[in-house]
Amino acid sequence: MKIVYSDPKTGKSGQIEVKEEGTALFLNRRLGEIVDGAAIGMSGYKFRISGGSDTSGFPMDKSIQGYLKAKALRVIANSGSRKGIFRRTTVRGNTISADTMQVNLVVTEYGEKPLEYAEKKKE
């Protein structure tokens, strides 16, 4: 499972690959819950689960309860020539399961050590 964390103060993000043992912390958690960072090697930090996607690439949706995939009606645009047009899209429920491939986290409380971010390579 991939964990993508972002820092709202700096606007930077980083990524961690978590093994099977580390995913137990995230199973059966819902979007919006607070998770302790000690389980992923970031002691002192607290993260809010903000999103994710499953093995097929379908995003998680806060309004759909449970683990299952569902067809949800989405607004295409709120203004302009496409105003009022809806489209039915497939989304995953708001609970993290074994099918979840990526979990997105946002920092809510900071620890003592600074976070590590991936640097962009200039060629």
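Every read-out reported here was derived from the displayed coordinates using simple, explicitly stated rules and does not represent laboratory data. Owing to the predicted nature of the structure, the values given are computational and were not obtained by experimental measurement. Ideal geometry is used to build each Cβ from the backbone, glycine not excepted, and the neighbour counts take in all protein chains shown.
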Evaluation of F86 against (1) at negative phi; (2) in contact with a helix residue (DSSP H, G or I) (Cβ under 9 Å, 6 or more places away or on another chain) (one fails), failing number: (2)
Which pairs have Cβ atoms under 9 Å, sit 6 or more apart or on different chains, and link a residue in segment 18-43 that is farther than 11 Å from M1 by Cβ to one that is assigned to a helix (DSSP H, G or I)? V35/L25; D36/L25; A39/G22; A39/A24; A39/L25; G41/G22; S43/G37
Could you please let me know if I3 is closer than 17 Å to G93 by Cα, β-branched (V, I, T) and not in a loop (DSSP other than H, G, I, E, B)? no
Given the condition within 21 Å of V18 (Cα to Cα) and either of a type in the set (A, V, I, L, M, F, W, C) or touching a Lys or Arg at 6+ places or on another chain (Cβ under 9 Å) (or both), answer yes or no: does some residue in segment 64-75 qualify? yes
Can you find a residue that is under 18 Å from the mean Cα position of the chain (by Cα), part of a strand (DSSP E or B) and without any contact (Cβ under 8 Å) to a residue 40 or more places away in the chain anywhere in segment 56-68? yes
Just checking, how many residues over segment 34-47 are surrounded by 14 or more Cβ atoms within 10 Å (Cβ to Cβ) and outside any helix (DSSP H, G or I)? 6
Looking at segment 76-89, I want the residues that are in a strand (DSSP E or B) and have a partner that is aliphatic (A, V, I, L, M) and surrounded by 10 or more Cβ atoms within 10 Å (Cβ to Cβ) with Cβ atoms under 8 Å, at least 6 apart or on another chain. Which pairs are those? A77/I85; K83/A77; F86/V75; F86/I76; R87/I76; R88/A72; T89/A72
